[in-house]
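Notes follow once the structure below has been shown.
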Amino acid sequence: MENYVLISGASSGIGRAIAVTLSKTYPLILGGRNVERLEETRAMCSNSDAHILWTCDLSEVENIRDNLTAFIKASDLKVGGFVHSAGINFFSNLNGARLEDIRRVMDINFFAAVELLKTLTAKRINGKNLRNVILISSIAAFKCSKGEAFYAASKAAVNTFARVMADELAPNTRVNTINPGIVRTPMMNNLLGDAVHLEQYKRKYLLGFCEPQDIADMSEFLISDKSRRITGQHFVVDGGATIAL
């Protein structure tokens, strides 16, 4: 049986673009909360019959391990790759942030990735099948603005976690991150729809804003054997926004 690639957040945006791109080569597990949107993604994929859906609310972190374990065992799956694309934005100054909002962004962006990786590296669940991990992070992890403290903290946690996991899981499993700048996705519509902010950000992006396909193309490279000697690295895809960092 061929090993699957699990993609969280596959129902839209970056995750959907990654799924469509990788579907040409790999059987996929398309993860997300909304079955209808996951079905839309599957219909867009090559070899659509080869891909299966996994529904899970990643904000309910305490349920992730049991949910994924049951899913893998029930379907007798082998998972060889994992792309954590699920994520949410959260903008607030320090005193305006509610604890429940801070916890939610940390749960989905960071703790969900931890629980998923713990499950996929457990020998009794997935053997030694996991070979490749890509965590979608953000340039906010090292270059952020006012109001991004908690989102940036969640992505900085992702980057540090990835570096340590690359060491801990070698040589069996490679772990890398992709750090996009602004990507034209539904999640960014509010930001990009503000004319003032739009012009401010445009001046920083020397090559223009990224498209979901730009992140998908980097994912395709990192999940392949062409990157077989690469692990523990943070790949910035930002249209030149951090060039002055």
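The values are calculated or read from the model by the stated rules, or taken from the named source; none is laboratory data. Here the structure is a predicted model, which is why all the values come from computation and not from measurement. For neighbour counting, all protein chains shown are included, and Cβ atoms are generated from backbone atoms with ideal geometry for every residue, glycine included. For accessibility, only protein heavy atoms count, side chains too; no ligands or nucleic acids. Shrake-Rupley method; radii C 1.70, N 1.55, O 1.52, S 1.80 Å.
Structure data summary
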item: Where a residue in segment 1-17 is closer than 19 Å to Asp49 by Cα and its partner, wherever it lies, is in a strand (DSSP E or B) and of a type in the set (Asp, Glu), with Cβ under 6 Å and at least six apart; result: none
item: Residue list for segment 2-40, restricted to those being at positive phi and either surrounded by fewer than 24 Cβ atoms within 10 Å (Cβ to Cβ) or acidic (Asp, Glu) (or both); result: Gly13
item: Candidate set: segment 140-156, residues that are among the basic types (Lys, Arg) and more than 14 Å from the chain's Cα centre (by Cα); chosen: the one surrounded by the most Cβ atoms within 10 Å (Cβ to Cβ); result: Lys143
item: Test: residue in segment 129-139 that is out of contact with any strand residue (DSSP E or B) (no Cβ under 7 Å at 6 or more places or on another chain), surrounded by fewer than 23 Cβ atoms within 10 Å (Cβ to Cβ) and either in contact (Cβ under 8 Å) with a residue 12 or more places away in the chain or among the small types (Gly, Ala, Ser) (or both); result: no
item: Selection within segment 5-43 - in a helix (DSSP H, G or I) and touching a Lys or Arg at 6+ places or on another chain (Cβ under 7 Å); result: Thr41
item: Looking only at segment 178-210, and only at residues there that are under 18 Å from Ile14 (Cβ atoms) and open to solvent by 100 Å² or more (accessible area, probe 1.4 Å), the one that is modelled with the highest pLDDT; result: Leu207
item: Subset of segment 216-240 (residues that are open to solvent by less than 50 Å² (accessible area, probe 1.4 Å), not in a loop (DSSP other than H, G, I, E, B) and not β-branched (Val, Ile, Thr)); result: Ala216, Met218, Ser219, Leu222, Ser227, Phe235
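For every residue, the table says whether it meets (1) in contact with a Cys (Cβ under 8 Å, 6 or more places away or on another chain); (2) of a type outside the set (Asp, Glu); (3) under 21 Å from Ile136 (Cα atoms).
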position: Tyr4; (1), (2), (3): no, yes, yes
position: Val20; (1), (2), (3): yes, yes, yes
position: Lys24; (1), (2), (3): no, yes, yes
position: Arg33; (1), (2), (3): yes, yes, yes
position: Arg37; (1), (2), (3): no, yes, yes
position: Glu40; (1), (2), (3): no, no, no
position: Asp49; (1), (2), (3): no, no, no
